[in-house]
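Inspection log for the structure reproduced underneath, given as structure tokens.
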Amino acid sequence: MPKPFYITTPIYYINDVPHIGHAYTSIAVDMIARFHKIAGREVFFLTGTDEHGNKVAEVAAASGMSEIDYCDKIVVSFQNVLKKLDIENDYFIRTTSERHKKAVWKILDAMRLAKTDDGQDVVYSADYEGLYCTGCEKFITEKELVDGLCPDHKVKPEALKEKNYFFRLSAFLPKIKALIESNELLILPEERKREVLGLINQDIPDFSLSRERVKWGVPLSFDKEQVAYVWVDALSNYISAIGYGDDEATFNKWWTDGEVVHLMAKDILKFHTLFWPAMLLAAGVKLPKTMFIHGFFTVDGEKMSKTLGNTIDPNAIVEQFGIDGARYLLLTQFPFGIDGDVQAKRFVTKYNSDLANDLGNLVSRVAKMMIVNFDGKIPKPSSSTKEITEIMERTEPLPNTIYAHIKHFRLSKAIDEAIDLIRFTNKYFNDKAPWKLVKEGKLEEAGGILYACAEVIRIVSIVLFPIMPNKMREIRNVF
Ligand code: MSP
């Protein structure tokens, strides 16, 4: 029996409504989860929202709401997008939930008791020194400054100190490096693995586990003046959601005995590949098996941003192309795993060529001919042409080939292979013109062609089900 399969998206920040960047990862994970499910595996798919931190507090204040009221309002738009895109997540974690808080306390306690190999405390308190903007009410980094000024408030930040609890990251880096090098912790694609190993070779400072000046967060159980650092809070979602704080049996099933896979884009690589494994090692919790880091996309060549006004609302794509159209188009814009560009103007042509012309046409013409000429029954197979043999030879291994692609996160390749076969078959159908054969009384020959086409449609309706569940269900109903 394969291990239970536990797969996650990052939890999304809710200082704004969701955009297609969030939808992209959620659709990808949904596709992978559904594929494993139809292959007979037990699957748990987690997504959710990251609701703490200064930014959320700021936008809540700006809209005259309490932090939690603001979160309760915006979280609905994230949950609605999931429904709208037919994402089948098994659980939705919110970092403001009581259950999540309990898990954060538990992992913090475990880390606080932990010692490094040379007997030092993993967690220690020290002063954090940094540049603080009183307008933003937060520390900002040198990199964020524009001409030495806070870009939002145009003032010079003050050098300030506050007490923080720190995590002794340096003590864990050699071990993490070895785990990544040996693929025990598998970082994919290879290029991202190299990037992480490169990061480890630079000197990465210990990170804060807590902040004093941030107020909207999980207060530490052992120091009420501090709240948990947003990344410690956020990363813990992967275990809080399956019972780390409150349901040991479920936690063991999915985490300890399961195969754990995290998906994300490269923007949050460091936190996942270094901070998270270090936290888990310190707390005595098993590490995930795989982290797949997909590409980051721009929209019409520009980074998506509120100020540029080029963020795309996933709801709008669903309105225009339907649920399955939106899922398909978002995932096929560029190869999964590398960076790319999304151009809304390409959606229409892609939709028309792949879905309407190739897939849609083949299905409707084959079904119609079977109804009209074969009493609505599937005619007998034949191998009267070399193309039929080729089609059959390509169709038979398709489920296995495509499942192998999915296991290796080649999502757009998986989709392309199915569509390529459809395109080939559609062209064959056109060239052979079975409707003419029927007129000439060559019913057996026409039937053989239809049979081959129907077999392609049958297999494709299975392998494309994870990306277009509704359309594939419709097609299966027709046949
Ligand atoms: N809250 C943190 C993650 C905490 S996980 C423990 C966060 N949130 S986020 O809202 O900024 O989401 C980032 C993630 O959204 C990316 O890692 C990626 O999965 C997805 N994407 C957001 N914009 C995207 C693109 N333009 N392109 C591809 N993925 C995108 O970081």
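The values are calculated or read from the model by the stated rules, or taken from the named source; none is laboratory data. These figures come from a predicted structure and were not determined experimentally. Cβ sites come from the backbone with ideal geometry, for glycine too, and all protein chains shown count toward neighbours. Side chains included, ligands, DNA and RNA excluded: accessible areas come from the protein's heavy atoms. Shrake-Rupley method; radii C 1.70, N 1.55, O 1.52, S 1.80 Å.
A compact table of results
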| item | result |
| --- | --- |
| Candidates TYR451, TYR428, filtered to the one that is under 14 Å from ILE391 (Cα atoms), of a type outside the set (Gly, Ala, Ser) and open to solvent by 60 Å² or more (accessible area, probe 1.4 Å) | TYR451 |
| Residue tally, condition surrounded by fewer than 19 Cβ atoms within 10 Å (Cβ to Cβ) and not in a helix (DSSP H, G or I), over segment 96-122 | 8 |
| Test result for GLY217, within 16 Å of the ligand (Cβ to nearest atom), outside any helix (DSSP H, G or I), at pLDDT 95 or above and of a type outside the set (Phe, Trp, Tyr) | yes |
| Of all residues in segment 274-307 being out of contact with any helix residue (DSSP H, G or I) (no Cβ under 8 Å at 6 or more places or on another chain) and away from the ligand (no atom under 14 Å from the Cβ), the one that is nearest to HIS262 (Cα to Cα) | THR290 |
| Tally, over segment 195-227, of residues that are touching a His at 6+ places or on another chain (Cβ under 8 Å) and open to solvent by less than 20 Å² (accessible area, probe 1.4 Å) | 3 |
| Residue match in segment 153-162 (condition: assigned to a helix (DSSP H, G or I), open to solvent by 60 Å² or more (accessible area, probe 1.4 Å) and of a type outside the set (D, E, K, R)) | no |
| The listed residue being surrounded by fewer than 22 Cβ atoms within 10 Å (Cβ to Cβ) and either small (Gly, Ala, Ser) or at positive phi (or both), out of ALA249, ALA241, ALA282, ALA234 | ALA249 |
| Qualifying residues in segment 30-54 (those that are over 13 Å from the mean Cα position of the chain (by Cα) and of a type in the set (Asp, Glu)) - the one farthest from the ligand (Cβ to nearest atom) | GLU42 |
| Residue list for segment 30-51, restricted to those being open to solvent by less than 10 Å² (accessible area, probe 1.4 Å) and assigned to a loop (DSSP other than H, G, I, E, B) | GLU51 |
| Hits in segment 285-308 - residues which are buried (at least 19 other Cβ atoms within 10 Å of the Cβ) and in a strand (DSSP E or B) | MET291, PHE292, ILE293, HIS294, PHE297, VAL299 |
| Residue among ILE27, ILE74 that is touching a Lys or Arg at 6+ places or on another chain (Cβ under 6 Å), within 16 Å of the ligand (Cβ to nearest atom) and in a helix (DSSP H, G or I) | ILE27 |
| Residue in segment 332-353 that is farther than 30 Å from LEU188 by Cα and open to solvent by less than 40 Å² (accessible area, probe 1.4 Å) present | no |
| THR9 being under 18 Å from GLU88 (Cα atoms), within 13 Å of the ligand (Cβ to nearest atom) and either small (Gly, Ala, Ser) or part of a strand (DSSP E or B) (or both) | yes |
| Of all residues making up segment 55-70, the number that are open to solvent by less than 50 Å² (accessible area, probe 1.4 Å) and within 13 Å of the ligand (Cβ to nearest atom) | 1 |
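Per-residue answers, yes or no, for (1) more than 28 Å from LEU331 (Cβ to Cβ); (2) within 41 Å of the chain's Cα centre (by Cα):
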position	(1), (2)
ASN400	no, yes
ILE415	no, yes
ALA433	yes, no
LYS436	yes, no
ILE449	yes, yes
